[in-house]
Each structure stands twice: as structure tokens, then as C-alpha cells.
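Please read the structure below before turning to the comments.
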Amino acid sequence: MLFVLIFGIVTIYKNKNKNKEVFYIVGYIIGVEVFLRMTGGTFLYETGKYSVLLFTILGLLFDKINEKSSIFFLFYILLLLIGIVFTQTPPGESIRKAVAFNLSGPITLGFFAIYCYKRKITITQFKNLLFICLLPMFSMISYIYFRTPSLEELVFSTSSNFDTSGGFGPNQVATIIGFGGFILAVFLFIRINLSLYIFIDAIFLAYFIYRGLLTFSRGGMITAAFAFLIFAFFMFSYQKITIIKISKYVFVTFVLFLGIWLYTSNITGGMIDNRYAGKNATGVKKNDVTAGRGDIIDMQLESFYESPIFGIGVGNGKYKRIETGKRVTAASHNEIGRLIEEHGMLGIIALFILLIVPLENIYFSNNYQRAFLSAFFVFWFLTINHSAMRIAFPAFVYGLSLIKIVPDEE
């Protein structure tokens, strides 16, 4: 990570960000962040977010910014900072860590959004950006392969699987694998070859999906599937493809996914079927298919009712749930719930800002641009609902939903 930081700073300063170096370096950090966490290659746990914030600020120093976006997102950041005033941690706990854990992602998102809003990036530059994001994900997939014990020796259940996630958090791993699979699927769709042959790229995609399913973390894979469906819908509309040709695409996709699913189901003894069906290992439907997230949201709403204006303070939700003694995961997996609980009405206003600005950008774009912008918006929204902002990825894809993709000649 040290090399990435030094190389990035020198490159951006030397070229004054004339070639969109900030996008490329941030994209690489997004692709490599979880891999570095897995291997202990970071200084601090939040190094990825801090690095994105650093390079974003460098980009803002060298490039002009849209004043309209600055007002919206600076106001959004201010709303978040107010919540720090109400932070109260138990004795022995660090206020700095509580604030950093909960606000490093949202604030990084705010600054990156300022940088990205209506910023022009050519189609070629954009494709190169996605390619750079994808490269370190191959390293992560390879690492997971070598770290995973023999699958025949594993006893699968319907819980998220650390053994098949390289020993790291399955939620974060599945999120990045899902994004990598999305990029591969997009490249296949728009005929961009990573290798010399398209069937090799299809094998790459199949393996990403397979590895993502083996994590048993549903959020990342379901999010990627929804994002690609949105992308395909607008791209079909842009290209004006006939129903017959669309049917061929759907058939090939269905056969590919069915083959991957049946193979994964066989490997896991049918546990992957139960996992996505919301059943336990014996095949009985679970009372709570959200893995405890529903209970957390109920508690967050109770906290909001107690303090609806300013919320209960940044990071306080976790400690409040610990004090109840109930068997729930203390840290929120849902950024929307966290905003409502810890920031109150100010958090709701901040959320409306985040929702409205990219939708306005998508509305005034053509279908080619909408295919990507809408997919990134879906990626951001669904990711923060199942994984909050534990990694820098949601800030990145949110920013990409604000850009303006233009032909190369511009």
C-alpha cells in the first residue's frame, strides 16, 4: 500500500491530473482494498478510505469543481459532522475510533462525489478505469483459491463461510467479487476482450460467480445481479436490439448461470440452495432471513423515536445495542438505518441529498450513459443496505453515478 500511495501522489502531482490519474488510482485502491486487508498489507484498517480521500483532495486541488455539487455535498458533510457532538463512548472505548469507523466512509463519499459530479470522462478512459479496478481482483481470487482448504473436507452450513473467503469477512469479499463479476459481464456484453478469446473471458466470469457463491454471503452477489440487469436493460434500449437477439442473450446467460449454480450446489451438498432460499441446514425456512439485520433496524428505529432531531450520536448505536444484552450483531450493516439512528432528521436530509443528486444526473443522460450510471447507483444503494460503508467501494461507485461519460472525440 505504501508503494501505491507514493506512486499515486508523485503521478498526480507530476501530471497535474491531466489524464484523470485520480480516477485510475482510486479505482485501483477500490479493487485492492479488501485483498490488502486480507493479507495485512495496510497501515490502518481504514487505510483504503483514507487513501481515496487523500487522492480525491489532490484531484480537487488540480481540477475545477462544479460549484453546484460543492454546496450540496458540503452541506451533506456538515450534517454528518454535527452528529459527533453527541457521541458518547463507554469508559475505555475510543471516541476517535468510533467516529472514524462510522464516518470515514460517508465523508470519503462526500468528497469523492464533489470531485465526480458532472466530470467528463471519455468512453475509452472509462473502460480503462474499469479494467484497472478489475486487475487486483484477480490477485484476490487467486489468493482465495490457495487459502481455501480442499472443498471435499469442508462441512458446509448456511452461514457466511470464512474458509472459502480467504479467512476474511465473506460480506466484504463477496461485495468486491460481485463487482469484479459485473465488470467481466459488462466487458463480455460490449465486446471488450481481456484475453485473446471470448470463451476464456466467459470462464473468468464463471469462476468469479462460483467463488462469490462459495462465500455464502448473498448481498454482494445479489447486488451485482441487479446492477447488471439494470445495465442490460438500458444498453438494450440504447442499441435497439430485437426481441430475438435479446432472447439469445437471456438464454446464454441463463444456461451459464444454471451450470454454475448446479455445480456449486453439488459441491456444497445443496447448502447454497438453502442459503439463498432463506432456509437452515436442514431445509427448514428461517424465521429471520436477514441474519439479524431486521432486529438491528427495529432497534435503530426505536433510537430514532427517542431522539428524532439530532439522533443519538455517531457510533452510539453499537454501544446501545451491546448494553441491551440481546443476541444481535452490534455494528450496523445498514447505512440508512445508521444514518436515521445516529443522525436523526439530519441523517434523513443527508440521505435525500445522496438519492436526489445522482437521479438528476441519470435523468438527463442518454441510455448508454444511464446503463452505467444506473448500475453504479444500484450498486451503491444495495451495498450500503447489506454492508454499510465498511469499505471504500460504496463511495467509489456512488461517485461514478455522478460522472458524465462522453465520446472520445470530446
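The values are calculated or read from the model by the stated rules, or taken from the named source; none is laboratory data. In this text, all values refer to a predicted model and were calculated from it rather than measured experimentally. Note that we place each Cβ from the backbone using ideal geometry, even for glycine, and neighbour counts take in every protein chain shown.
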| Every pair of residues 6+ apart whose Cβ atoms lie under 9 Å, when the first sits in the range 4-21 and is without any contact (Cβ under 8 Å) to a residue 60 or more places away in the chain while the second is surrounded by fewer than 16 Cβ atoms within 10 Å (Cβ to Cβ) and in a loop (DSSP other than H, G, I, E, B) | Lys16/Asp63; Asn17/Asp63
| query | Looking at Ile114, Ile82, which one is of a type in the set (Val, Ile, Thr), assigned to a helix (DSSP H, G or I) and either more than 25 Å from the chain's Cα centre (by Cα) or under 30 Å from Gly270 (Cα atoms) (or both)? | reply | Ile82
| query | Among the residues of the range 350-359, is any touching a strand residue (DSSP E or B) at 6+ places or on another chain (Cβ under 6 Å) and assigned to a helix (DSSP H, G or I)? | reply | no
| task | Taking Ile12 as meeting all but one of (1) of a type in the set (A, V, I, L, M); (2) under 22 Å from the mean Cα position of the chain (by Cα); (3) buried (at least 19 other Cβ atoms within 10 Å of the Cβ), write down the number of the exception. | result | (2)
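Conditions tested, residue by residue: (1) in contact with a Lys or Arg (Cβ under 9 Å, 6 or more places away or on another chain); (2) farther than 28 Å from Phe208 by Cβ; (3) of a type in the set (S, T, N, Q); (4) part of a helix (DSSP H, G or I).
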site: Phe7; (1), (2), (3), (4): no, no, no, yes
site: Lys18; (1), (2), (3), (4): no, yes, no, no
site: Phe23; (1), (2), (3), (4): yes, no, no, yes
site: Tyr28; (1), (2), (3), (4): no, no, no, yes
site: Val34; (1), (2), (3), (4): no, no, no, yes
site: Phe43; (1), (2), (3), (4): no, yes, no, no
site: Gly48; (1), (2), (3), (4): yes, no, no, yes
site: Ser51; (1), (2), (3), (4): no, no, yes, yes
site: Leu54; (1), (2), (3), (4): no, yes, no, yes
| task | Please determine, by comparing only the residues of the range 140-176 that are in a helix (DSSP H, G or I), in contact with a helix residue (DSSP H, G or I) (Cβ under 6 Å, 6 or more places away or on another chain) and of a type outside the set (A, V, I, L, M, F, W, C), which one is nearest to Val34 (Cα to Cα). | result | Gln172
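One line per residue, one yes/no per condition, for (1) modelled with pLDDT of 90 or more; (2) crowded, with 17+ Cβ neighbours inside 10 Å; (3) on the phi > 0 side of the Ramachandran plot:
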| residue | (1), (2), (3) |
| --- | --- |
| Leu151 | no, no, no |
| Thr158 | no, yes, no |
| Thr175 | yes, yes, no |
| Leu184 | yes, yes, no |
| Phe204 | yes, yes, no |
| query | Can you list the helices (runs of 4 or more DSSP H) found entirely within the range 217-309 that contain at least 2 residues being modelled with pLDDT of 85 or more and acidic (Asp, Glu)? | reply | 293-306
| query | Which residues, taken from the range 39-53, are in contact with a Gly (Cβ under 9 Å, 6 or more places away or on another chain) and surrounded by fewer than 20 Cβ atoms within 10 Å (Cβ to Cβ)? | reply | Thr39, Thr42
| task | Just give me the residues in the range 186-202 being loosely packed, with under 15 Cβ neighbours inside 10 Å, part of a helix (DSSP H, G or I) and either in contact with a helix residue (DSSP H, G or I) (Cβ under 6 Å, 6 or more places away or on another chain) or of a type outside the set (Val, Ile, Thr) (or both), in sequence order. | result | Phe199
| said: Between His343, His333, His386, which is touching a Gly at 6+ places or on another chain (Cβ under 7 Å) and surrounded by fewer than 24 Cβ atoms within 10 Å (Cβ to Cβ)? | reply: His386
